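**Student:** Mind looking over this structure? Questions follow.
The values are calculated or read from the model by the stated rules, or taken from the named source; none is laboratory data. Values in this document were obtained by computation on a predicted structure and should not be read as measured data. A quick note on method: Cβ atoms are made from the backbone with ideal geometry, for glycine too, and the neighbour counts reach across all protein chains shown. Please note that ligands, DNA and RNA were not included when accessible areas were found on the heavy atoms of the full protein model with its side chains. Shrake-Rupley method; radii C 1.70, N 1.55, O 1.52, S 1.80 Å.
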Amino acid sequence: MYFSDDEYSHEFIGIGIGINELDRSDPSFNLETESRAAMAVSSHDPAAKVLRRILERPGVQLGPACFDALSAKLIESAGFSYCFTSGFSICAARLGLPDTGLISYGEMFDHGLLLTQAVSIPIIADADNGFGNPINLKRTVKGFIRAGFAGILLEDQLSPKACGHTPGRKVLSRQQAIVNIKAAVDARSESGSDIVIVARTDARQAVSLHEALLRVQAFADAGADVLFIDALASVQEMRAFCQVSPHIPKMANMLEGGGKTPILTPQQLGDIGYKIVVYPLSLLGVSIRAMQDALTALKEGLVPPPGTMPSFEEIKDIVGFNTYYQEEKRYAIGVSSEGDISRDPSSGVRPQTLRVKVAGKDGFEKLDLRIPAGSLDGLTNIVPALAGVNIKELMDNAVEEIGGKKLLDFSDSMDERIQVFLE
């Protein structure tokens, strides 16, 4: 069902008056289809179910944007309950290119798989304009569902699309934009999914605030779960937006560093009526500056001083080495005093691990490696100074000690300290 400008226009006067909402009580809402999708959530997309519960929580919900698996893991470890992907940041990090429609569906799908596999929190994916016409868009939605995303953000820009806070934005016709959201809803139903559809319009900068408000009203009627007008230019405009379909959650984009939208506190955004907030460039921006500073120092022969970066131990913990070590112990093959390999945990032979530590002559740790004691092949490729050392004989002669037995402790020809422990 489509509406003319006149049919929409009489519903509000001026910026401060909200449009009468068209919600899911409308007869065109297909309750049977929605129920089937909801029943499929537990088996098909539990992440979407978790995201929907987040949207039902009181107060505004904050979601930083990730651009790779590591940044997603950091967001999760910081305690955030969900996050976004940033097309801007992914284009920059993956391609080293601007967000101007240069990245493809296949690249975003592949990247998405890495993100959703890295964390357990739900992720809302930036899907640009769906990468084509409604048929292409349906494929995008179904693909992102398979990739494990909890939500998908779709916009109404013409190709080549770009960041909504950059000049020259152009949008699809309103009718085509509405059809695209309907296609996304159909793709969700056909997949038996409950992925959250975030409908975005860039019409505020491309056309007018009036047009943007008309579009999000229509997107709500078409079945969008969350509404988003990018690049609103004032608090008054933000308030007008949040009065449209007040029962549908609204998304705010706090573009750090100088976007068109005022930067407000979470409390202020919640008071206006927003439900979810994305911070799209914080992680990318501080990463760029930190790398630039480090490279400037390295060019002068200086390493980053303590306090400006995590220690090697902290880095290993962040990326998962300690978790790996713990799981590795479950499958380690023990070495008995006769040198026989025990394959049976009930044999009484405790699985053992060899720990190798290397510190530079400046005292900074360069390597801290744990490997199963029965898997020593390739060790000298990692630590050449151990060539010619009979590690197995040292292990055979070792007496078990609390905290591990030190097998070796020496300095090599480069004054690097080599320590080997049997744990």
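**Student:** Could you look through the range 291-305, keep only residues that are hydrophobic (A, V, I, L, M, F, W, C) and assigned to a loop (DSSP other than H, G, I, E, B), and pick out the one that is surrounded by the most Cβ atoms within 10 Å (Cβ to Cβ)?
**Tutor:** Result: 303.
**Student:** Taking residue 310, is it closer than 30 Å to residue 58 by Cα and modelled with pLDDT of 90 or more? Steps first, answer last, please.
**Tutor:** Numbers: closer than 30 Å to residue 58 by Cα: no; modelled with pLDDT of 90 or more: yes.
Here the answer is no, as residue 310 does not meet what is asked.
One line per residue, one yes/no per condition, for (1) crowded, with 23+ Cβ neighbours inside 10 Å; (2) over 21 Å from residue 86 (Cβ atoms); (3) out of contact with any Cys (no Cβ under 9 Å at 6 or more places or on another chain):
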site	(1), (2), (3)
200	yes, no, yes
204	yes, no, yes
209	no, yes, yes
215	yes, yes, yes
220	yes, yes, yes
223	no, yes, yes
229	yes, no, yes
235	no, yes, yes
238	no, no, yes
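**Student:** So which pairs qualify, if the first residue must be in the range 75-101 and within 20 Å of residue 318 (Cβ to Cβ), the second must be of a type in the set (Phe, Trp, Tyr) and open to solvent by 10 Å² or more (accessible area, probe 1.4 Å), the Cβ gap must be under 6 Å, and the two must be at least 6 apart or on different chains?
**Tutor:** Matching pairs, first to second residue: 89/67; 93/67.
**Student:** Ok, one more. Going by what's in this entry, would residue 105 be described as aromatic (Phe, Trp, Tyr) and at pLDDT 50 or above?
**Tutor:** yes
**Student:** Still on this structure, please answer the following. Of the conditions (1) closer than 22 Å to residue 197 by Cα; (2) touching an Asp or Glu at 6+ places or on another chain (Cβ under 6 Å), residue 282 fails just one. Which one is it?
**Tutor:** Here residue 282 meets the rest and fails (1).
**Student:** Within the range 265-290, track down each residue that is surrounded by fewer than 20 Cβ atoms within 10 Å (Cβ to Cβ) and either of a type in the set (Gly, Ala, Ser) or in a strand (DSSP E or B) (or both).
**Tutor:** Listed by number, the residues that qualify are 270, 273, 282, 285, 287, 290.
**Student:** With respect to residue 262, determine if the residue is surrounded by fewer than 18 Cβ atoms within 10 Å (Cβ to Cβ) and touching a residue at least 60 places away in the same chain (Cβ under 8 Å).
**Tutor:** So residue 262 fails the test.
**Student:** Does the range 218-241 hold any residues that are free of Cβ contacts under 8 Å to residues at least 60 places away in the same chain and either closer than 16 Å to residue 208 by Cα or over 23 Å from the mean Cα position of the chain (by Cα) (or both), and which are they? Walk me through how you get there before you give the answer.
**Tutor:** Residues of the range 218-241 that are free of Cβ contacts under 8 Å to residues at least 60 places away in the same chain, as a first pass: 219, 222, 224, 227, 229, 232-235, 238, 241.
Within the range 218-241, 219, 222, 229, 232, 233, 234, 235, 238, 241 qualify.
**Student:** Of all residues in the range 72-100 being small (Gly, Ala, Ser) and crowded, with 18+ Cβ neighbours inside 10 Å, which is nearest to the chain's Cα centre (by Cα)?
**Tutor:** First pass over the range 72-100, keeping only residues small (Gly, Ala, Ser): 72, 77-79, 81, 86-87, 89, 92-93, 96.
Okay, now just the ones that are also crowded, with 18+ Cβ neighbours inside 10 Å, so 72, 86-87, 89, 92-93.
Working: 72: 4, 86: 8, 87: 11, 89: 11, 92: 15, 93: 13 Å.
Among those that are small (Gly, Ala, Ser) and crowded, with 18+ Cβ neighbours inside 10 Å, it is 72.
**Student:** Can you list residue pairs whose Cβ atoms sit under 8 Å apart, with the first residue in the range 306-325 being farther than 14 Å from residue 74 by Cβ and open to solvent by 70 Å² or more (accessible area, probe 1.4 Å) and the second being among the charged types (D, E, K, R) and in a helix (DSSP H, G or I)? Count only pairs 6 or more apart in sequence or on different chains.
**Tutor:** Short answer, once both residue conditions are applied: 308/293.
**Student:** Would you pick out the residues in the range 177-198 that are part of a loop (DSSP other than H, G, I, E, B) and either surrounded by 24 or more Cβ atoms within 10 Å (Cβ to Cβ) or under 21 Å from the mean Cα position of the chain (by Cα) (or both)? Write out each step before concluding.
**Tutor:** At the first step, the residues of the range 177-198 found to be part of a loop (DSSP other than H, G, I, E, B) are 191-195.
Within the range 177-198, 193, 194, 195 qualify.
**Student:** Could you please find all residues in the range 240-252 being open to solvent by 20 Å² or more (accessible area, probe 1.4 Å) and more than 20 Å from residue 182 (Cα to Cα)?
**Tutor:** Matches in the range 240-252: 243, 246.
**Student:** I'd like to check which strands (runs of 3 or more DSSP E) are fully inside the range 57-167 and have at least 1 residues that are among the hydroxyl-bearing types (Ser, Thr, Tyr).
**Tutor:** 83-85
**Student:** Out of the residues in the range 51-71 that are among the hydrophobic types (A, V, I, L, M, F, W, C) and over 20 Å from residue 252 (Cα atoms), state the one that is surrounded by the most Cβ atoms within 10 Å (Cβ to Cβ).
**Tutor:** Checked the range 51-71; the qualifying residue surrounded by the most Cβ atoms within 10 Å (Cβ to Cβ) is 69.
**Student:** Six or more apart or on different chains, Cβ atoms under 6 Å: show the pairs whose first residue is in the range 115-134 and within 28 Å of residue 324 (Cβ to Cβ) and touching a residue at least 24 places away in the same chain (Cβ under 8 Å) and whose second is aliphatic (A, V, I, L, M) and surrounded by fewer than 20 Cβ atoms within 10 Å (Cβ to Cβ).
**Tutor:** 115/69; 118/69; 122/50
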